[in-house]
Structures are given as C-alpha cells and as structure tokens.
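Undergrad: I have a structure here, written as structure tokens, and I will follow up with some questions on it.
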C-alpha cells in the first residue's frame with residue numbers, strides 16, 4: 001500500500017516507477033474538449049477505459065460530459081461506486097454472471113448496454129423483467145472494426161423489433177465505433193474512413209426508423225475522429241477517451257491538414273537510472289510491467305534520449321544528444337498507449353509546479369470482468 005499523504009513532495013523525491021499526471025496540461029485537455037463540443041449537437045460521453053478513475057470521470061462531467069462509457073461491467077461497477085450515475089457499457093454483456101451484475105447495477109444508476117444477437121437480447125430481457133427494472137439497449141453495428149456488431153442494414157431493424165417488444169428493455173439507439181481509424185496519421189485518409197463508417201451507421205439508422213423505431217442515440221467516435229465527427233454531424237454522442245492524457249501514438253496524427261492535435265500529453269511514467277554502463281547507455285527501472293508495449297515503446301520527454309525495452313523490469317536509454325544523466329537521476333517517458341499503461345498502476349500522482357499536488361487511486365485498474 002502506497003503512502004498517499006505526499007502533498008508537496010518534490011517530484012525528484014518520488015519513488016519510481018510512478019505514473020504522473022501534469023495537472024495543468026490535463027485540465028487544459030478537459031477544457032479543450034468541452035470547447036470543441038460546445039455549441040454542437042453532440043453530447044460528450046467519454047470512455048473511462050483510458051483512465052479508470054471515478055475522480056477523473058467526475059471532472060469530465062463537470063466539464064460537460066453527460067455520463068461515461070465503460071468497456072466492462074467491472075469498470076461500470078467502479079464508476080457507480082465512485083458516484084457516477086450514468087454509464088454506458090460499450091461491449092455486449094452475454095454471460096449469466098455478468099448479466100446479473102449488470103442488472104444489479106441498473107438498480108443503482110442509469111445504465112445502458114449494447115447487444116448484437118437475439119439470444120443476448122432474450123437473456124437481457126429475462127433478467128431485467130425478473131428484476132422489475134427497465135434496461136436501455138443499443139444495437140452495436142459493425143461499421144468497419146470487424147469485432148462485435150451486426151452488419152449494417154436491415155438486420156438491425158429486426159433486432160430493434162425484438163428489443164422494443166421485450167419486457168424490461170428499452171430500445172435506445174445505435175452504436176458504431178471504428179477504433180482502427182482513430183490513429184490514422186493523415187487527416188484526409190482518416191476523414192475518408194470516418195465518412196465511410198458514418199454512412200454505414202446512418203444507413204442502418206434509416207432502416208430502423210423505417211421500421212417505426214425512433215433512434216434517440218447515435219453513439220461512437222473517439223479522440224482521433226472527434227473533430228471530424230462534430231463537423232459531419234451524424235453522431236449525437238461522442239466517446240472520446242485518450243484526449244485527457246494523450247500518448248505518443250495519438251500525438252503523431254494530423255488533427256487538421258498541417259495541424260497537430262489540440263490535446264497535449266499529460267500522462268508520463270517517471271523512471272530512475274539504476275545502472276550506467278556508459279554515458280551513452282543507461283538502464284531505467286521501467287520495463288514491460290510498467291509501460292505498455294502494444295503500440296511500441298514509450299518516448300522520453302527529455303530530448304536527446306531514446307528508449308527501448310530490456311525486459312520485465314528494465315529499459316535502456318540511448319543517448320542521441322543533449323545532457324547526460326547520472327546514476328539515480330529521474331526521467332519522464334510518454335507512453336505509446338495510455339489505456340494499457342494506466343492499467344498497470346494503482347495510483348496517479350498529480351503534479352503541478354514540480355511537486356505532488358494530489359494522489360488519485362485508479363479504482364477500476366484490472367477490472368476486466
């Protein structure tokens with residue numbers, strides 16, 4: 001258990017590895033998303049898989065979010081336990097154990113979930129009816145992710161019929177998420193893919209409406225497509241997640257032609273030099289267990305150094321220029337993927353003016369069930 005009464009401690013005194021939030025930059029990212037959505041027809045429902053923290057979720061609601069998205073029931077439980085009252089589960093919940101937990105959660109908060117199969121809808125309806133609750137269900141449409149979801153078109157209208165006619169369920173709308181396009185570097189290429197995915201979702205919404213069902217929610221999108229989604233106007237609810245932290249992968253994308261993203265990295269891993277074989281090659285206490293590798297290695301914030309993994313607990317810094325580092329010196333690394341890095345830690349250390357201002361537990365860390 002870490003000592004959380006660390007307010008005022010200088011950053012250089014913090015033990016490592018540690019996960020940091022630059023509070024000034026973090027707050028700017030919150031404000032920039034609020035400004036981006038303000039005046040549009042879209043609501044913001046940020047995805048908590050990026051931060052897994054009810055504290056951050058409350059700050060997002062304070063900045064205009066209508067609620068949050070959760071990838072798993074376990075995340076949703078952590079959010080509701082932390083006082084978040086409106087959660088949408090973006091992945092089908094199909095096993096009896098998880099459906100039971102979802103229904104129990106719906107007694108305590110405003111809960112919605114996606115479905116893409118008749119058997120799943122039947123199971124949700126049975127559980128909701130037995131518990132005497134009303135559960136909002138959105139149909140997930142495969143708009144290019146090739147993961148979950150019905151194919152676009154008439155199949156969704158058939159499933160909407162079943163949901164609308166099932167006791168205990170309320171048909172709430174459609175979800176169409178295309179994660180593969182979020183980090184496309186070229187703005188023109190990314191916009192083209194967003195338009196293609198949106199057209200499939202809107203085509204499906206028309207088929208559902210023609211069957212007599214109102215489509216109140218059209219939800220999807222992410223950080224990389226949020227500006228395009230708002231401009232195109234098809235979605236009325238956005239699910240950005242990484243914008244609060246950003247990462248080195250997202251920072252490579254072209255937000256608009258010739259422009260970088262308005263969101264800056266606020267998340268970093270603090271590591272210490274534990275060995276110094278030479279002035280040009282240093283060993284850090286940051287390895288696979290403390291920095292995700294699914295999108296590549298993290299990037300050193302200090303110019304003149306490059307990082308490579310060297311095992312579970314270690315990484316190597318190669319000097320490419322700039323100032324040298326001594327044994328025991330600390331350095332910050334920007335993760336390549338914020339979501340999977342956050343899931344490796346129990347705490348965020350909020351930093352302002354070089355000192356710890358706050359320590360936040362990562363309450364939904366490891367909540368994969």
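Readers should treat all values here as calculations from the given coordinates under stated rules, not as data from a laboratory. Everything numeric in this text was worked out from a predicted model, so none of it was measured. All Cβ positions, even for glycine, are placed from backbone atoms using ideal geometry, and neighbour counts span all protein chains on display.
Undergrad: Calculate the length of the line joining the C-alpha centroid of the range 227-268 to that of the range 320-369, in whole Å.
TA: Using only Cα atoms, the two centres lie 21 Å from each other.
Undergrad: Also, I was wondering about something else. So what is the orientation-averaged projected area of the range 9-149, using the convex hull of its C-alpha atoms, in nm²?
TA: Directional mean of the projected Cα hull area for the range 9-149 stands at 11.2 nm².
Undergrad: Right, here's the next one. In nm, give the distance between the simple-model label positions of residue 24 and residue 293, each being 7 Å from the Cα along the Cα-to-Cβ direction.
TA: Using points 7 Å along Cα→Cβ, the separation is 3.5 nm.
Undergrad: Does anyone have the angle between helix 23-37 and the longest principal axis of the chain? Alpha-carbon axes, 0 to 90°, nearest 10?
TA: Computed tilt is about 30 degrees.
Undergrad: Taking each pair of different alpha-carbon atoms in the range 78-208 once, compute 1/r for the pair, average those values, and report the inverse of that mean as the Kirkwood hydrodynamic radius in Å to one decimal.
TA: Values: mean 1/r = 0.0646 Å⁻¹.
With all distinct Cα pairs of the range 78-208 included, I get 15.5 Å.
Undergrad: For a quick protection proxy, order the peptides 113-121, 150-158 by their average other-Cβ count within 10 Å, most packed first.
TA: Numbers: 113-121: 19.7, 150-158: 17.6.
In descending order of packing, they fall as 113-121, 150-158.
Undergrad: Can I ask one more? Hey, what number do you get for the chain at 222 nm if only DSSP H runs of n ≥ 4 count, each worth -39500 (n - 2.57), divided across all residues, to the nearest 500?
TA: On the way: 9 runs with 104 residues, N = 369.
Roughly -8500 deg cm²/dmol at 222 nm, from the helical runs in the chain.
Undergrad: Moving on. Could you line up 246, 79 from fewest to most neighbouring Cβ atoms inside 10 Å? Before the final figure, lay out each step's value.
TA: Working: 246 23, 79 28.
The fewest-first ordering by Cβ neighbours comes to 246, 79.
Undergrad: Compute the separation of the alpha-carbon centres of the range 18-92 and the range 147-211 and state it in Å as a whole number.
TA: Between the Cα centre of the range 18-92 and that of the range 147-211, the gap is 22 Å.
Undergrad: Right, here's the next one. Where q = 0.16 Å⁻¹, what log10 of I(q)/I(0) comes from the Debye formula for the range 75-134, counting one point per Cα?
TA: Once normalised to I(0) and log-transformed, intensities are -0.45.
Undergrad: Same structure, new question: Go ahead and run the numbers for FRET between residue 357 and residue 12, Cβ-Cβ distance against an R0 of 22 Å, rounding to 0.05.
TA: Numbers: r = 15 Å, r/R0 = 0.70.
Efficiency, rounded to the nearest 0.05: 0.90.
Undergrad: Based on the mean of other beta carbon atoms within 10 Å per residue, what is the order of 138-144, 10-16, most packed first? Intermediate results must be reported in sequence, preceding the final value.
TA: On the way: 138-144: 26.0, 10-16: 13.9.
Result, highest mean Cβ count within 10 Å first: 138-144, 10-16.
Undergrad: Same structure, new question: What is the percent of Cα-Cα separations in the range 315-369 that go past 18 Å? Kindly include the intermediate steps, with their values, before the conclusion.
TA: Working: 802 of 1485 pairs.
Of the Cα pairs, 54 percent sit more than 18 Å apart.
Undergrad: Can you give me the three principal axis dimensions of the range 141-244 from its C-alpha atoms, in Å, biggest first?
TA: In descending order, the Cα extents are 44, 26, 24 Å.
Undergrad: What's the angle, to the nearest 10 degrees (0 to 90), between helix 118-130's Cα axis and the longest principal axis of the chain?
TA: The angle comes out at about 80 degrees.
Undergrad: Where does helix 187-210 land angle-wise versus the long Cα axis of the chain, in degrees 0 to 90, nearest 10?
TA: Helix 187-210 sits roughly 20 degrees off the main axis of the chain.
Undergrad: Given springs between every Cα pair under 10 Å in a Gaussian network model of the chain, which of 326, 57, 31 has the largest fluctuation?
TA: So, out of 326, 57, 31, the one fluctuating most is 326.
Undergrad: Going from the alpha-carbon gyration tensor of the range 232-334, what semi-axes, largest first and in whole Å, does one get by taking the root of 5 times each eigenvalue? Mind showing how you got there, number by number?
TA: Numbers: eigenvalues 204, 45, 21 Å².
Working through the eigenvalues yields semi-axes of 32, 15, 10 Å.
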